[in-house]
Structure formats: C-alpha cells, structure tokens
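Data block below; observations after.
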Ligand code: B12
Ligand code: SF4
C-alpha cells in the first residue's frame, strides 16, 4: 500500500521531541512491502495546507497518524491537542483510510477514536499489528480480530499484545537534524516496560510491566549512527527508568565507554537503584545530568503514591550526585491523595537540604483510566465512571485544594532552582523559546543555574 505517515505532535515545550514512535514503525512497514512518505506537522506553519498538499501529491491509500500527546498534562495552564487531530482526520476522509495510534491514543482508544473520527485505531505498540491491519485491509480480512485494533463504530476491542522485541527506529524519512538543532537532544530507547505501580502512572499501561531489553550491541550501533550520520553529540534515553534493571544499565554504560562514543546524555532514573559504582559507569559513559521521578519529599506522600523508594533513598542519591558534581533535577508531583500544607512544606524542606540543580514541580495529577488514582477519584466523588477524561481532569487533594496554587507559587518563588511549568515559574513558553535561541544541548533545566532570581510569567 501507499502510505502517508503523519506525526501530529506540534508541542514545542519543553522542546520539540523527535517522533521516535513513528520512526519505529517505518522499518516494519517497509519490510512488509509498503511504500511511504512522512509529513511531520511539528515544523509546519499551516498544517491543513500541508496535509492537503501531501494528500494531493502522494495519493496515499492509507494515512497513519501518530498521536503522542493528548494534552500537555499541565495544571492550570492546560493545552489539549485533540482539535488539531480531528482536523487532520477530516481532511483525510474520503481520500484515504485514516488509522491512528500512539501513546496519546492508547490511553483511551475507544474514546479518542470516536472523538477524532478516524476509521481505525491501534492501541499499544504498532510494530507488528499495523502491518497486519494493512494486510487485512488489502485482503478483506476482519481487522477487529487483531489485538489492539479499534474499528470505528464498533464497541470494544481485543486488548493489545506487547511485542516481544523491537529494533532500531528508521530515522531516514525524518528531519533528525532539525529536531537536534531545535531540541538539543536525540532520543534513544534501550528497553520497554516498568514493573512498578505508582498510583497515577500510565507507563506500565503503555509499555507493560515486564521489561523487554534491547541487545546492547544494537543500541551502540544506533548511537554510533546518530553520531556519524547526523552529527549528534547529546542523547536522551526515553526509557521509563534508565537504571532498572541496574545490571543492564551498567553493561550498557560500559559498552558505551568501550565504544568511545563522543556523546553526553541524560535520562530518568530511580533513586532506589543508584549505587556509587553504577554512577561511575554512567559518568564514564558520558552522563552529565539525571532526572529523578521523586514526586515528593514527604514519607507519607511517597507511601500514598506507592513509590518504591524512601526519603532516605532520595537523600543518598542526591548526595551522590553532589559529590560527583553531576547536575540533577527532582520532578515533584504535588496534590496527590493525602497531600496537605505540611507535606508540601516537607518537600520544599527536603529540596532545600539536598540542593538539586533544579526542581520541576507539577501541580495536580492528571487522572487516567485503569490507574489506582482513577479509583480514588471515583471513590471520593471527584469523577464518575461516566466522566470523560479526554479533556484533562486533575486530582488535587481535598485537604489542600484551597490555596494550593498560591502556596506552591509563594514557596517556589522564594527559591532560585524551582521550575513550575503550570504556574509559569521559570518555565513560560516565551522563556523556553528564548533559552532555545542559544542552541543549548541537553536539558534546559540546567540553564537555571544562570538565572539570578525566580521569574514568574517572565518575558511576556
Ligand atoms: C520520554 C518521554 C518524554 C521526554 C521526551 C524526551 C525526548 N527527547 O524524546 C520529555 C520528558 C521531554 C517528555 C515531554 C513531554 N511529554 Co512525555 N513521555 C515520555 C515517555 C516516557 C516515553 C516516550 C517515548 O519516547 N516512547 C518510545 C516510543 C518508541 O514509543 P511511542 O511513541 O509510544 O510509539 C509506540 C506506540 O505508541 C505505537 N505508535 C506510535 N504512533 C503510532 C501510530 C499508529 C498509527 C500506530 C498503529 C501505532 C503507533 O508504536 C510505537 C512503537 O511501538 C512517555 C510515556 C511512555 N512510557 O510512553 C511520555 C508521554 C508520551 N509524554 C506525555 C506528555 C503529555 C508529555 C508532555 C506534553 C508534557 C509532560 N508534562 O510530560 C511533554 C511534550 C513534549 C513534546 N514536545 O512533545 C504523555 C502523552 C499522553 C498524554 N497524557 O497526553 C506520555 C504518554 C506520559 C503520560 N503522561 O502518560 N516526555
Ligand atoms: S512513576 Fe516511574 S516507577 Fe512509577 S510506575 Fe511510573 S514509570 Fe514506573
């Protein structure tokens, strides 16, 4: 079949993110004999015009739309992207079959399909099932029998099956250089899955709870190609947790060091599985910044969010970074079940003590179906089973709802290293645009060291 692959993601905050999910599909689609072109809407000034032109020029049989983000998951400054996707599908209708997938789609497949009006949707990983769906369409098979495939107008679907293994994304049809220039990082995935069960988190739902590790030699070859073919010198590992399983992380780092790859990199890490030895391996392999998905500095809140680590683990991991001179950020999620003024202040106190390069604070927690937080929100009467979550609904503990934003704002503004995207503290779009003008490589939060004082709605 003749395919047009569309990356629908136009979000540029915190930076434009290369559509690695769609690139993962390009190889298997080519292997199945399909021809394809790519339309990436991220850098298009007039998406409807670009889509119409691509449809007229390419005359595709099917359009494969990748929906990475439903919204920016940021309270109170929420942006939803669904209208843009609906517009894409409307333009495709009558000219080609519209198939949609991606992480944003997979979180609420039946609801998103109905909302945007595509012909077919695919929940979960697309490497195996998308070629099978196209085969079905060509041969007149029944797509609803394929795991993960949602058919327009039909209720329900067979749950997706995770792929056993996955390979190197095919980046040849994409503008890697522009993403690197404007985003300052290339992305690489070394494994999929997360075995933990934090109450709000969708990652185990999207990637499964069991870990699937890529062969290390294949990852090294992928990084080598990014360096040689695209001049990349900074990477971000998109794994849910880079340092789990720790043995794998350590083997990968040692292989990167042996291969003398001229790259720096950063990743999300779990404070639970950090040892001095692993940190040494990471630094030797070029790691120059780490991000902890800490969520809170309060023992009660860590327990309530079902985190796998303790406040003491956060202390130890932070001290290790400080000793090694490694930039580190803690990501905080305020407002979970049981959050009070006291637990919020405990978090500020812990951060004052461990002094990270930056603290990135999200206020309110987006509720997704099939999470423990969803059940809590129903039990507390915040939402009903019938509540649509396509537009974001945020959980904010009833114990702190009044004065919540004011408290975080006033405390964060007292500190130079706090960033609160939803409250626009050190993180407005204008500010991020201004920072990106300097062609920064690596995470933008490292730049906070250069700011003299905290900014609220700066530069606007
Ligand atoms: C790493 C990551 C980041 C990094 C990205 C770094 C980088 N340089 O790439 C950072 C921290 C910067 C980031 C930022 C954001 N992220 Co983020 N991120 C992730 C994460 C953990 C992995 C994404 C990834 O690269 N996956 C690897 C690729 C290979 O997988 P994939 O894209 O899902 O593609 C597969 C399938 O989805 C499917 N597929 C994809 N497209 C299609 C199309 C069709 C037709 C088919 C059949 C299948 C298909 O097949 C692919 C291969 O198996 C996911 C959570 C997760 N575990 O998925 C969140 C996630 C994608 N992020 C999310 C969001 C919201 C954001 C932000 C908007 C805001 C925020 N607060 O985090 C920004 C937006 C940035 C931007 N410009 O777009 C949400 C999106 C869903 C939603 N709620 O809207 C997710 C799912 C997390 C969540 N909250 O649930 N993110
Ligand atoms: S927050 Fe991190 S550790 Fe917890 S379930 Fe999500 S990905 Fe796993």
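Only the coordinates and a few stated rules stand behind these numbers; no lab work does. Note that the structure is predicted; figures quoted are calculated from it, not measured. When we count neighbours, we look across all protein chains shown, and the Cβ atoms used for this are built from the backbone with ideal geometry, even at glycine.
Observations
- Over the Cα atoms of segment 130-273, the radius of gyration divided by the Kirkwood radius equals 1.03; this is the Rg/Rh ratio.
- Rg in Å to one decimal, and Dmax rounded to a whole Å, for the chain via C-alpha atoms: 21.9, 64
- Stretching residue 144 away from residue 370 to a fully extended chain increases their span by 79.2 nm, per 0.36 nm per residue minus the current alpha-carbon distance.
- In segment 184-450, inverting the average of 1/r over every pair of distinct C-alpha atoms gives 19.5 Å as the Kirkwood radius.
- Per-selection metrics, segment 248-333 (Cα): Rg and Dmax in Å: 13.6, 44
- Cut-off 11 Å, label 7 Å out along Cα→Cβ of residue 10, residues of segment 65-107 by amide N: 81-88
- The length gained by stretching the chain between residue 277 and residue 303 to full extension, at 0.36 nm per residue less their Cα-Cα distance, is 6.6 nm.
- Contact order relative to length of segment 2-151, as percent, for alpha carbon pairs under 8 angstrom and 6 or more apart: 22
- Mean separation of Cα contacts under 8 Å, 6 or more apart, over the residue count of segment 102-227: relative contact order %: 20
- Across all Cα atoms of segment 157-237, the radius of gyration (one decimal) and Dmax (whole number) stand at 15.1, 43 Å.
- Mean Cα-pair separation over length for segment 280-422, i.e. relative contact order, pairs under 8 Å, 6 or more apart, %: 26
- Gyration tensor analysis over the Cα atoms of segment 41-185 returns equivalent ellipsoid semi-axes of 24, 19, 18 Å (largest first, whole Å).
- The fewest-to-most ranking of 272, 239 by surrounding Cβ atoms within 10 Å reads 272, 239.
- Point-to-point label distance, residue 439-residue 284, nm (Cα→Cβ direction, 7 Å offset): 3.3
- Length gained when the stretch residue 110-residue 378 is fully extended (0.36 nm per residue, less Cα-Cα span): 94.5 nm
- Segment 17-94 and segment 311-352 have Cα centres lying 38 Å from one another.
- Shape box of segment 293-420 [Cα atoms, principal axes, largest first, Å]: 51, 30, 25
- Expected 222 nm ellipticity per residue - DSSP helices of 4 or more, -39500 (n - 2.57), all of the chain, to 500: -11000 deg cm²/dmol
- Rough spin-label spacing in nm, given labels placed 7 Å along Cα→Cβ, for residue 251 and residue 322: 3.5
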